[in-house]
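K.L.:
My questions will all concern the structure given below.
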Amino acid sequence: MSVLDAIGDTPLIRLTRITAGLAAEVHLKAEFLNPGGSVKDRAALAMVQAAEESGELLPGGVIVEGTSGNTGIGLAMIAAQRGYRALVVVPDKSSEEKIKTLRAYGAEVVITVGGVPREDPRHVSQVAARLAAETPGGWLAGQYDNPANPGAHLATTGPEIWRQTGRRITHFVAGIGTGGTISGAGAFLRKTGTVTIVGADPENSVYGGGDGSPYYVESIGHYVHPATDQDVWPQSYHPQVVDRIERVSDRESIEMTRRLAREEGILAGASTGTAVVAALRVAQGLHPGSLVVVLAPDSGRAYLSKYFDDGWLRRAGFPAPPAPGPLVGDVPATAPLLLAADATVRDLPARTGPDTVAILVLPRRGRPISDPAPGDVIGAVPLAATAGAAPDTPLTTFAQPPLPPVGINEPAIEALARTPPDTTRLAVLTDGRITGIVTRPSLTALTSNEPAS
Ligand code: PMP
């Protein structure tokens, strides 16, 4: 048996505590038990096998993919076992752990800039395509559009679940990243005529009707960069397979991810939290005899310094165990003045205080600007700087770097210590969104018990 034979046939684990009071059974398909640590081992193996069969990938060839995530890890593992080189392109925002995991399997990692539109030649997918074309023996796995990705789940994940539940499954719930899992497993289960397929999607993701603005759960949903001309959905996602989509907030996903570890002993990633929130909503309306299967794509080990870290939660303004001392939220915050990034001096409200700072936010199609995440913000404009400027002057002319974000339930002393001392204003995050502005002197006064000057 090789390590690749250990891919698939993952256990189905019944959830017992977080399901208290529900008539339906809820079972979790533990994909984090695959040897590479995630559901993506299945797609990676199927894509490599298909390319070997078609002759696109030849002995001694180079497997190329653009992803910071689990597919890269799966491909790197398979490349090591089969004697290929692996070249993985990742955005510069990828965690050190992920890059180190890829390197541990012997993959070569190419780092490019993240957060650029898909059309940009520096975009991860563009760099990967170029490297695959330029490298002798190069083959681009292309999980977003490779039919072997949903094909893996049609051939394995779906049938396994059908067999493991003794054909009793009534509902299947999974997140949608490339769409491979839900499209493949969903297609198989739907064909039985008795299973409802439910997608679990971050609230802002466009799959479920969101506006594509940033969110905090990694690896699922579909984010759209505001400068994107034409948004393209992966060909691996077949929306017609999905009966309905449950939209889940970051806060709900993160809270559920932590509950799973503490109440069920299941340490999984945040996309599992999203899927389980959706699964419990689905189960709520069901009668005894119903059986919900929810897919858990990866392990929480990869996110110990994020969703499982109380400091990270507090810095982003998500609920966390109470911290000592006065908190950022203990000083009164002023409502942020939010303006579109293309606003001009003419767009400034008539009455503003001399100290007002406007926050310039990337525009969203069809959405008024509200509660932006730090990733939406391009800069801050002290309105004093605009005095006397012509009405059609773009506000970006006066833009300074974005106000440093601090969490509403973060200790004031920590917020002060980790933000540059010359920034007088800080953006307060609640559930990861900018909800107010506080001044440094007011926080300092709080920590020293002196009135603010
Ligand atoms: N969760 C995690 C952690 C993942 O890495 C992925 C893969 N992007 C998904 C969910 C979504 O799976 P799929 O690409 O098959 O839709």
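The values are calculated or read from the model by the stated rules, or taken from the named source; none is laboratory data. Everything quoted here is computed from the prediction, not taken from an experiment. Cβ sites come from the backbone with ideal geometry, for glycine too, and all protein chains shown count toward neighbours. Note: accessible area is taken over every heavy atom of the protein model, side chains too, but ligands, DNA and RNA are not part of it. Shrake-Rupley method; radii C 1.70, N 1.55, O 1.52, S 1.80 Å.
K.L.:
Using only the Cα atoms of segment 53-158, construct the convex hull and provide its projected area averaged over every direction, in square nanometres to one decimal.
P.N.:
Details: hull surface 28.3 nm².
Approximately 7.1 nm², given one-decimal rounding.
K.L.:
For segment 19-103, what Kirkwood radius comes out of the mean inverse Cα-Cα distance, in Å? Walk me through the intermediate numbers first.
P.N.:
Working: mean 1/r = 0.0700 Å⁻¹.
It works out to 14.3 Å.
K.L.:
Could I ask something else about it? Solvent-accessible area per residue for the chain at a 1.4 Å probe radius, Å²? Present the calculation step by step, with values, prior to reporting the outcome.
P.N.:
On the way: 19420 Å² over 453 residues.
With the other protein chains kept in place, the chain gives 43 Å² per residue.
K.L.:
For segment 1-308, what is the relative contact order in percent, using Cα pairs closer than 8 Å and at least 6 residues apart in sequence? Intermediate values should be presented prior to the final figure.
P.N.:
Working: 694 pairs, mean separation 65.6, N = 308.
21 percent.
K.L.:
What is the percent carbon and sulfur in the accessible area of segment 306-414, measuring with a 1.4 Å probe over the protein chains and ignoring ligands?
P.N.:
On the way: 3110 of 5290 Å².
Of all accessible area on segment 306-414, carbon and sulfur atoms account for 59 percent.
K.L.:
Right, something else. So what is the 222 nm mean residue ellipticity for the chain from helices alone, if each DSSP H run of at least 4 adds -39500 (n - 2.57) and you divide by all residues, rounding to the nearest 500 deg cm²/dmol? Kindly include the intermediate steps, with their values, before the conclusion.
P.N.:
On the way: 12 runs with 120 residues, N = 453.
Roughly -8000 deg cm²/dmol at 222 nm, from the helical runs in the chain.
K.L.:
To continue, here is another question. What fraction, in whole percent, of alpha-carbon pairs in segment 104-214 exceed 20 Å separation?
P.N.:
Result for the distance tail: 58 percent.
K.L.:
Between 0 and 90 degrees, rounded to the nearest ten: what's the tilt of helix 250-259 against the longest Cα principal axis of the chain?
P.N.:
Here the helix axis deviates by roughly 60 degrees.
K.L.:
Now for a different question. Tally Lys/Arg at +1 and Asp/Glu at -1 over every other residue whose Cβ is under 9 Å from the Cβ of ALA323; what's the total? Don't skip to the end; give the middle numbers.
P.N.:
Working: positive: ARG314; negative: ASP310, GLU410, GLU414.
Around ALA323, the charge tally is -2.
K.L.:
Still on this structure: I need to check one value: relative contact order of segment 187-303, counting alpha carbon pairs closer than 8 Å and at least 6 residues apart, in percent. Don't skip to the end; give the middle numbers.
P.N.:
Numbers: 171 pairs, mean separation 28.1, N = 117.
Computed over segment 187-303, the figure is 24 percent.
K.L.:
Can you work out the Karplus-derived ³J(HN,Hα) for every residue in segment 51-67? Use 6.51 cos²θ - 1.76 cosθ + 1.60 with θ = phi - 60°, whole Hz, and x for glycine or proline.
P.N.:
6, 5, 5, 7, x, 5, 10, 9, x, x, x, 10, 7, 10, 8, x, 5
K.L.:
Which ³J(HN,Hα) values, rounded to whole Hz and listed in residue order, are derived for segment 326-339 from phi using the Karplus coefficients 6.51, -1.76 and 1.60 in 6.51 cos²θ - 1.76 cosθ + 1.60 with θ = phi - 60°, glycine and proline given as x?
P.N.:
3J(HN,Hα) across segment 326-339, in whole Hz: x, 10, 3, x, 7, 9, x, 9, 9, 5, x, 8, 9, 10.
K.L.:
Sticking with this structure for a sec: Provide the packing ranking of 132-138, 248-254, i.e. peptides ordered by the mean count of other C-beta atoms within 10 Å per residue, highest first.
P.N.:
My ranking of the peptides, most packed first, is 248-254, 132-138.
K.L.:
A further question on this structure: Packing-wise, with mean Cβ within 10 Å as the measure, how do 60-73, 233-246, 188-201 rank, highest first? Write down the numbers at each step before the final one.
P.N.:
Working: 60-73: 25.2, 233-246: 17.6, 188-201: 20.4.
The most tightly packed comes first, giving 60-73, 188-201, 233-246.
K.L.:
Still on this model: Please go through segment 4-93 and write out the trypsin sites (Lys or Arg not before Pro) that DSSP classes as loop and that have at most 16 other C-beta atoms within 10 Å. Write out the running numbers ahead of the final one.
P.N.:
On the way: sites: ARG14, ARG17, LYS29, LYS40, ARG42, ARG82, ARG85, LYS93; in loops: ARG17, LYS93.
Here the trypsin sites (Lys or Arg not before Pro) that fit, given the DSSP loop and packing criteria, are ARG17, LYS93.
K.L.:
Compute the whole-percent fraction of alpha carbon pairs in segment 328-448 spaced more than 27 Å apart. Write out the running numbers ahead of the final one.
P.N.:
Numbers: 1225 of 7260 pairs.
That fraction is 17 percent.
K.L.:
Can you give the log10 of the normalised intensity I(q)/I(0) at q = 0.15 Å⁻¹, computed with Debye over equal Cα scatterers of segment 282-381?
P.N.:
For segment 282-381 at q = 0.15 Å⁻¹, log10 I(q)/I(0) is -0.91.
K.L.:
Now a separate question. Given the chain, what count of lysine pairs have C-alpha atoms under 29 Å apart, with each pair 8 or more places apart or on different chains?
P.N.:
13
K.L.:
Then there's this: Once amide H atoms are placed 1.01 Å from N in the peptide plane, what residues at a sequence separation of 5 or more from SER299, or on another chain, have their amide H within under 5 Å of its amide H?
P.N.:
The answer is GLY269.
K.L.:
Given bins 10 angstrom wide, list per bin the percent of all Cα-Cα distances in segment 402-453, short to long.
P.N.:
Spelled out bin by bin, segment 402-453 gives 27, 59, 14 percent.
K.L.:
Taking amide H positions as placed 1.01 Å from N in the peptide plane, with prolines and chain starts having none, which residues 5 or more places from VAL361, or on another chain, fall under 5 Å of its amide H?
P.N.:
Residues meeting the criterion, in which the H sits 1.01 Å from N, are LEU339, ALA340, ALA341, ILE378.
K.L.:
With Kirkwood's inverse mean 1/r over C-alpha pairs for Rh, give me the Rg to Rh ratio of the chain, two decimals please.
P.N.:
Dividing the radius of gyration by the Kirkwood radius yields 1.01.
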